[in-house]
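A.B. asks: Next up is a structure, given as structure tokens.
The values are calculated or read from the model by the stated rules, or taken from the named source; none is laboratory data. What you see is a predicted model, and the numbers here were worked out from it, not measured in a lab. Quick reminder, even Gly has a Cβ in these numbers, built from the backbone with ideal geometry, and neighbours come from all protein chains shown. We work out accessible area using only protein heavy atoms, side chains counted, and drop any ligands, DNA or RNA first. Shrake-Rupley method; radii C 1.70, N 1.55, O 1.52, S 1.80 Å.
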Amino acid sequence: MSLPRRISTMAAACAVAVVSLLALTSGAAQAQTIEYVALGDSYASGVGTRSYIDDGSGCSRSESAYPSLFADAAGADLEFAACSGAKTGDVLSKQLGSLSASTDLVTITVGGNDTGWAGVVQQCAYPYPWTCDEEIDDAEAFIRDQLPAKLHAVYDAIESAAPNAQVVVLGYPRLFNGEECNAITRISPGEQSQLNAAADLLATTTGQVAASHGFDYIDVRDAFDGHAVCDDTEWLNGISYPIGESYHPNAAGQRDGYYPLLDALV
């Protein structure tokens with residue numbers, strides 16, 4: 001008569017062990033959820049993809065932007081703070097509230113608006129006799145002399161607010177390939193080359209500042225090579241309507257340009 005009682009006891013013990021294991025497994029799965037905060041400007045929010053989340057923010061955040069794509073694929077808990085038009089000062093004053101010691105991942109693309117990049121490209125698009133040499137020179141001087149301090153301030157604040165997070169800084173692509181294909185704009189091959197050189201300076205400067213903080217830096221220039229404005233397969237919009245869509249990554253640029261690089265790194 002004792003044997004069945006023993007079997008029953010063993011079965012009960014096994015059941016308790018299974019329940020405990022399942023509880024531990026469930027807890028581990030919950031603990032592995034990535035707490036992700038996406039910061040930055042229109043390149044991070046997804047301007048150019050032409051489809052935006054109706055969140056009332058006016059920030060033009062898109063489900064086709066790299067933060068949304070990564071969060072969906074990784075099952076991450078995303079706080080999408082990036083906003084169209086943001087400068088470094090806007091990140092400091094408006095976007096850091098979701099960062100904490102429990103934040104696992106922070107991504108950021110910022111700095112282009114500080115240089116006045118949109119205005120520079122607009123000036124270059126005006127017809128002859130207008131030129132944009134002075135505007136490009138001013139932007140490059142700003143990148144060399146003033147932007148590093150602004151980036152350091154943002155990166156310092158991120159380190160302080162999210163001390164345990166992996167921080168990934170994503171840069172900007174070159175926009176042009178030397179061809180003129182937009183009939184209503186006139187950005188000459190020479191001006192395109194100058195604008196690309198300024199984009200190179202922005203990329204290397206941002207990468208150097210990010211590295212000085214121990215952050216990961218994703219340089220997207222090579223990925224976008226062959227997919228610039230006027231290429232057969234464009235990942236960047238040329239002149240577009242509404243005008244704010246212009247010279248930003250389209251849905252393919254976010255999906256095939258930015259996202260794979262982020263996914264491979266993280």
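A.B. asks: Any idea which residue in region 110-162 is surrounded by the fewest Cβ atoms within 10 Å (Cβ to Cβ), counting only those that are assigned to a helix (DSSP H, G or I) and aromatic (Phe, Trp, Tyr)?
C.D. replies: Across region 110-162, the extreme among qualifying residues is Phe142.
A.B. asks: Would you check if Ser68 is open to solvent by less than 40 Å² (accessible area, probe 1.4 Å), of a type in the set (Ser, Thr, Tyr), at pLDDT 95 or above and touching a Cys at 6+ places or on another chain (Cβ under 7 Å)?
C.D. replies: Here the answer is no, as Ser68 does not meet what is asked.
A.B. asks: Inside region 183-225, can you point out the residues that are assigned to a loop (DSSP other than H, G, I, E, B) and open to solvent by less than 40 Å² (accessible area, probe 1.4 Å)?
C.D. replies: The answer is Thr185, Ile187, Ser188, His213, Phe215, Val220.
A.B. asks: Is it true that Asp90 is under 17 Å from the mean Cα position of the chain (by Cα) and acidic (Asp, Glu)?
C.D. replies: Against the criterion (under 17 Å from the mean Cα position of the chain (by Cα) and acidic (Asp, Glu)), Asp90 qualifies.
A.B. asks: Let me ask something else. For Gly56, state whether it is over 24 Å from Gly116 (Cα atoms) and without any contact (Cβ under 8 Å) to a residue 40 or more places away in the chain.
C.D. replies: yes
A.B. asks: Can you pull out every residue in region 231-245 that is surrounded by fewer than 18 Cβ atoms within 10 Å (Cβ to Cβ) and either modelled with pLDDT of 95 or more or touching a His at 6+ places or on another chain (Cβ under 9 Å) (or both)?
C.D. replies: Within region 231-245, Asp231, Asp232, Thr233, Ser240 meet the criteria.
A.B. asks: Go through region 173-182 and count every residue that is part of a loop (DSSP other than H, G, I, E, B) and in contact with a helix residue (DSSP H, G or I) (Cβ under 6 Å, 6 or more places away or on another chain).
C.D. replies: Within region 173-182, residues that are part of a loop (DSSP other than H, G, I, E, B) and in contact with a helix residue (DSSP H, G or I) (Cβ under 6 Å, 6 or more places away or on another chain) number 3.
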